[in-house]
Amino acid sequence: MSHPLDATNTLDLDKTDRTHSVKPYTWKDFVYITKPGILFSNLMTVFGGFWLASQWTIDGMLLLWTLLGTTLVMASGCVLNNFLDREMDLKMARTRKRALPSGRLKPGMVFTYGAVLGIGGLAILYALVNPLTAGLGLIGLLVYVWIYTAWLKRTSVWCTVVGAISGAMPPMMGYVAVTGKVDTLAILLFAILFLWQPPHFWALGIRRKEEYRAAGFPMLPVVKGARATRISMIRYAAPLVPVSVLPYFVGAVGPVYLVLSAALSIGWLVLIVRGYGRSDENEWAKKVFVYSINYLMVLFLILILDTAGGFLFNLLT
């Protein structure tokens, strides 16, 4: 029989061994902790909103400052998200090797890095774009970091829906950077991204639900199961069909966008509905997730190409 102190000493020794085995950080760790993939997809929507508001008359310097400022603000949110989730990331195989939970980066360093990125991005947006864009960026950052990550992600199945508020800000910020106001089209861009996000993330949640359960995240698939999650996905994908085509009816885009956006949205809804009651939920969830990524990319590409005043718009109107 071992003495309790023996166990403590063994744990301390293991902890020491792990500390010595940790590799030093590199510049790549500071890049990866900003989640470049998320930044790229969000920047695409920022550019789409900016382009839609500009209607092919692009102010190059304003676009540059808008993209730079929004990139820094979004990177700040991702870094601070990593800071707050560091203990939970240790519990998931997919995330425990990240720079912060593995020990390559220290919490204080990561928090400072995230704060500097956020302050710098908001300052650029306020001084070189306009105060309203900076204000939207601040709202998105606060919702994502404090309401979503620090609070609801740990306590409520509503975390994904509330988090969608921050995820819907980028295209609106790109649009407002040009117009300086929140009008009907800005709200439509926000609504499209807001409705797109819950089905997108719940599909991932179904695939990774055991990992999220182990980490203690009360995501909808973990708490209510796949069946209830599929029903909730339909509640957001169904209204996305009419909302996604509304930019055409306010004169912002042409008929190419109208037809293709409707086809894309209906296709996604059909894919989600067809998954109801299926037993191969992981395979179905993977298809829904992959479709959702391509949906967003194609939708905004069409929106950009068929913006009012462009070749496709003038050819077909």
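Every number here is computed from the coordinates shown, using simple stated rules; none is lab data. This one's a predicted model, so the numbers in the text were calculated from it and none came from an experiment. All Cβ positions, even for glycine, are placed from backbone atoms using ideal geometry, and neighbour counts span all protein chains on display.
A few notes on this one:
- Among L122, M173, V243 - extreme Cα towards positive end, dipole of the chain, charges at beta-carbon: V243
- Placing a label point 7 Å from the Cα of R274 along the Cα-to-Cβ direction, the residues of region 288-307 with a backbone N closer than 11 Å are 288.
- Gyration tensor (alpha-carbon) shape descriptor, region 104-243, a/c threshold 1.5: oblate
- Extending 7 Å from Cα along the Cβ direction at R96 and again at S41 yields two label points whose distance is 2.6 nm.
- Reciprocal mean inverse distance between Cα atoms of region 103-165 - Kirkwood radius, Å: 13.0
- Rounded to whole Hz, the Karplus (6.51, -1.76, 1.60) HN-Hα couplings of region 132-141, x for glycine and proline: 5, 4, 4, x, 5, x, 5, 4, x, 5
- Relative contact order for the chain, counting Cα pairs under 8 Å that sit 6 or more residues apart, in percent: 19
- Residue-wise HN-Hα couplings along region 287-302, as the Karplus relation 6.51 cos²θ - 1.76 cosθ + 1.60 with θ = phi - 60° gives them from phi, are 5, 5, 5, 5, 4, 5, 5, 5, 4, 5, 4, 5, 4, 6, 5, 5 Hz; Gly and Pro carry x.
- Distance in nm between pseudo-label sites at L64 and A115 (7 Å out along the Cβ direction from Cα): 3.1
- Counted over the chain with a bin width of 10 Å, the fraction of Cα pairs per bin, in whole percents, is 6, 24, 30, 24, 11, 3, 2, 0, 0.
- Residues in region 164-177 carry Karplus couplings, in order, of 5, 4, 5, x, 8, 6, x, x, 5, 5, x, 5, 5, 4 Hz; the curve used is 6.51 cos²θ - 1.76 cosθ + 1.60 with θ = phi - 60°, and Gly or Pro positions show x.
- The slack in the chain from A228 to W56, taken as 0.36 nm per residue of separation less the alpha-carbon distance, amounts to 57.5 nm.
- Rounded to the nearest 20, the size of the Cβ-charge dipole of the chain about its Cα centre is 740 debye, with Lys and Arg at +1 and Asp and Glu at -1.
- Result for the chain in a Gaussian network model with C-alpha springs under 10 Å: among A214, A164, A134, the largest mean-square fluctuation is at A214.
- Dipole of the chain computed with +1 at Lys/Arg Cβ and -1 at Asp/Glu Cβ about the Cα centre; of T57, V298, N81, farthest Cα towards the positive end is N81.
- Remark: the Cα gyration tensor places region 20-180 in the prolate category, a/c being 1.5 or greater and a/b exceeding b/c.
- Region 38-70-region 71-135 distance, computed between alpha-carbon centres (Å): 21
- Within region 20-180: Cβ-based charge dipole about Cα centre, in debye rounded to nearest 20 (Lys, Arg +1; Asp, Glu -1): 820
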